[in-house]
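Engineer: So that we are looking at the same thing, I have put the structure below in structure tokens.
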Amino acid sequence: MTCGGGDSVEGENNEILLFDGLQCANNYHQQCCSPPVASVPEGAWLCPTLVRDGRVVDPQARHGLSLIHN
């Protein structure tokens, strides 16, 4: 899984998050999001950019699986 935000290093409080936006394949570390995400969201989640753009949650998203463990 590749972070779309750059060179951030995985670690505690910096896991890669999957966005649940319809037709969205973005993945970012918690600290690469703007603003940074303090804790892993539970359930369906949209990043602030998707919310700003009026995107909606993908009904096929696997809610509750917003985190990728390597």
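Engineer: Sort V56, V9, V40 by accessible area with a 1.4 Å probe, largest first. Spell out each step's value before the answer.
Structural biologist: On the way: V56 80, V9 110, V40 55 Å².
Solvent-accessible surface, decreasing: V9, V56, V40.
Engineer: Only residues of the range 1-31 count here: report those whose backbone N is under 12 Å from the spot 7 Å along Cα→Cβ of V40, or say none.
Structural biologist: Zone members listed by number: 11-18, 30.
The values are calculated or read from the model by the stated rules, or taken from the named source; none is laboratory data. Bear in mind that the values here come from a model prediction, so they are computed numbers and not experimental data. In this analysis, Cβ positions are derived from the backbone assuming ideal geometry, glycine residues included, and neighbour counts consider all displayed protein chains. Just the protein is used for accessible areas: all its heavy atoms, side chains included, with ligands, DNA and RNA removed. Shrake-Rupley method; radii C 1.70, N 1.55, O 1.52, S 1.80 Å.
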